[in-house]
Amino acid sequence: MSLIDGIGPEAAPRARPAVASVKDLRVHFRSKVGVVHAVDGVSFDIGDGETLGLVGETGCGKSVTARSFLDLVPMPPGIKAGGAIEFRPHHTCPSCDGAGCETCDDSGRQAEPCDSCNGGGCEGCGHTGQRTIDLLEISEKDLQTIRGNRIAMIFQDPGKALNPALPIGEQVAEVFFQHRADDLLADAGASDGTEALGGALIQRKAGLKTSRIEDFLLSLPPLRGQRTKLMAAVQTRVAEALAETQIPNPRKVMDRYPHELSGGMRQRVMIAQAIACDPDLLIADEPTTALDVTVQARILELIRDLQQRHRTSVLYISHDLSLVKEVCDRVAVMYAGRIVESAATSSIFTDPHHPYTQGLLAAIPSANHERGRLVAIPGNVPELIDPPAACRFAGRCPYEAPACTAHDPLATTITANHEVACFIHHAPAGDEERPTWDRKVR
Amino acid sequence: MVDVPAGPAPARITDSAWRVRTRRGGELLMSLLKNPTTVAGLVFIVLLLGMAIFAPLIAEPNTPDAYQMPRDWGALAVPPGSPGHILGTTNVGGDVLYGVVWGARTSLRLSVIVVSLTVLIGVTVGSIAGFRGGKVDEILMRIVDVFLSIPELIFALAIAAVLGPSFRNIILALAVVFWVKYARIMRAQIIHVKENEYVDAARVIGDSPLRIYLKDILPNSITPVVVQATLDMGNIVLVGATLSFIGLSEAGIAEWGVLVSEGQSGISAGRWWSSTFPGMMVFLWALGFNLFGDGLRDVLDPKTESTR
């Protein structure tokens, strides 16, 4: 957990702006009975190089939040009901060329300067001076250049996230063709567009733009040499990417089909594909849920290790608190489409402030627990169809007071880097009786 | 970057995708050949295709048009085993052997053209409907429903009759009738396949929708179409022969249905040969492709229980 020592409850405010900021994100779903407010006003920042854990039970909206980053929520039935996801893409640090220097904080990468103010700070970039893209607003075409390149994603079930009809090597190669065509051409020594026809064709091939006929032309003797070089360049890159996720014998694995690999291996392939282009943000949507515990530990170690080396920011989604405790610098707890509490990992586990977080932590069974019934939070998650303006946890909360059903608690900063959305910590508008810690018994 | 263990020579690596595919194709063939009925189907198909391909060697082509039956007016309705006419002749002096052999060519032409046309149309329509969804899907599928509501033989018969009796019109009529099945299959497959997480994963690495369709969706949804196409190779010849039998193709053409029809009036008089041999050919053709298609389905789609 020593990746970013600067981030913690006692640390000074972050000097470098966040890689991504979610601002009041609202994603709703149309259903037969009404509009489901699956994500309803979620805001958080993912700091540069930080691992943020997004925790919550099934159906709380954490996956929808993550999928909104890359426009993977099907619309319809989904509705973008508001908010913004600001993303600040990075490039290789110009002053040290990736080696790591003072200006880039030894990470070798730096945020791109804002187009309109060139680093000065203006309205468009939120006075950060960095190029800021609203992922909810940009076109599908622009998004395609970001997907897999600046933001990558790992899915829950690696068995389902790989195309069963394609060998592993071809699937990983896809990322390079899609985003690193120029590098491939340089590797193959064909970047200067050598012979007129061949050069143009090989460039199209590297960008995956060739038709069947062009492919056939490339397979004929005069151009075959160039094609071979290009394919060899891709293969080398793919092998490197696979080797980086500690896949033994990458050249062999490339020829395998997904069904011939174990779950752990498949997830390694997914990770290799995700980090292939050195993204700024990696979204991991419960990456170890489908794996057994021993494999899970190794995959977590791998993600952490890669994140340290590449200085990638990670949004880690999980319902497993013990995992989150291991991997994350900061944790945001979601409940019923809202973030109820967010803080540094250490403070959320030692000093939880929201009654829901407290309930979650109390529900973790441990070895020194007495035998008997497991602890659970009473009641059920509320229906999210047209919810009233009230605390969503009201009804299950042991500290509930009249204020909780009449007003909506806002996230309030209680100590540096610790936000809680509960009336215990800030008074509601009006005169209703507010909840207190001593109101335990209802 | 991490050190990569030195791999084999580049030339081999480059072709690895091709090699992997061939390996997979080989495995597929091996499991196909394990099933005796599939092998039987394959044998029928190979024999009939061989007959079609080597037709000019077995029966000397008629001039000027090889697909027209030669007429021997001196030997009307002679029984099998007669000199010059091993399988006998029809009432109007057509050599049955010639009809059987060149009829295989006609059938091959018919089934290949109709199957390619219908697969092309069906897959395109089904893909658009399944991939786009919404209103487009609704409209296309209602059109398909209209086509499906009419029994295929009667529908094909009506179209061929309206267009006038000729072999080309039979091809057209069959193409119009048979594409809907493929559209249905393809749409269902695509709707199912596009929900897979690897489609999302492909979007996540920045693939365009067309690329995703070609790389992830089409290869994973085409199998039932391949199976159906194999079965239809047989069915289409059966339906085509039926239409010819009724008299919807040109008279005198070397086609099994026409031949059966020519011999039909002689059956009661004991002249069985001119209907039986071409009839058997139709039977073997349909049987061969059906057996093979069934075997193919068992191998390609392990989820469907074998009924045997």
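At a glance:
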{"read-out": "Gaussian network model of chain B, springs between alpha carbon atoms under 10 Å - residue of B:Met30, B:Met281, B:Met186 with greatest fluctuation", "value": "B:Met30"}
{"read-out": "Accessible area of A:His91 in the full protein assembly, 1.4 Å probe (Å², nearest 10)", "value": "70"}
{"read-out": "Chain B: radius of gyration and largest Cα-Cα distance (Dmax), Å", "value": "23.9, 87"}
{"read-out": "Among B:Val96, B:Val114, B:Val78, residue whose mean-square fluctuation peaks in a GNM of chain B (springs only between Cα atoms under 10 Å)", "value": "B:Val78"}
{"read-out": "Carbon plus sulfur fraction of accessible area for chain B, probe 1.4 Å, in percent", "value": "68"}
{"read-out": "Spatial separation of Cα centroids for the stretch B:163-202 and the stretch B:63-78, in angstrom", "value": "40"}
{"read-out": "Proximal charge balance of B:Arg71 [Cβ under 14 Å; K/R count +1, D/E count -1]", "value": "-4"}
{"read-out": "Subset of A:Lys23/A:Lys80; A:Lys62/B:Lys215; A:Lys23/A:Lys160 violating a 21 Å alpha-carbon distance limit", "value": "A:Lys62/B:Lys215; A:Lys23/A:Lys160"}
{"read-out": "Residue among B:Arg24, B:Arg168, B:Arg71 with the largest mean-square fluctuation in a Gaussian network model of chain B, springs linking Cα atoms under 10 Å", "value": "B:Arg24"}
{"read-out": "Amide H within-cut-off set for A:His407, under 5 Å, with H built and near neighbours excluded", "value": "A:Cys391"}
{"read-out": "Surrounding net charge for A:His353, when Lys and Arg each add one and Asp and Glu each subtract one, Cβ distance under 10 Å", "value": "-3"}
{"read-out": "Interchain or long-range residues, amide H under 5 Å from A:Arg109's placed H", "value": "A:Cys93"}
{"read-out": "Other protein chain Cβ atoms within 10 Å, averaged over every residue that makes up A:164-173", "value": "5"}
{"read-out": "Relative contact order %, the stretch B:38-98, counting alpha carbon pairs below 8 Å whose residues are six or more apart", "value": "24"}
{"read-out": "A:Thr51 accessible area, assembled protein chains, probe 1.4 Å, Å²", "value": "10"}
{"read-out": "Note, ³J(HN,Hα) from phi for the stretch A:318-326, Karplus 6.51, -1.76, 1.60, rounded to Hz, x at Gly and Pro", "value": "7, 10, 9, 5, 5, 5, 4, 4, 6"}
{"read-out": "For the stretch A:298-324 and the stretch B:223-239, distance of Cα centres in Å", "value": "51"}
{"read-out": "Of the DSSP H helices in chain B, those whose Cα atoms cover at least 20 Å axially and whose Kyte score averages 1.6 or more", "value": "B:36-53"}
{"read-out": "Other protein chain Cβ atoms within 10 Å, averaged over every residue that makes up A:242-249", "value": "2"}
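The values are calculated or read from the model by the stated rules, or taken from the named source; none is laboratory data. Keep in mind that this is a model prediction, so the values were computed, not measured. Note: ideal-geometry Cβ built from the backbone for every residue, glycine included; neighbour counts use all protein chains shown. Accessible surface areas use protein heavy atoms only, side chains included; no ligands, DNA or RNA. Shrake-Rupley method; radii C 1.70, N 1.55, O 1.52, S 1.80 Å.
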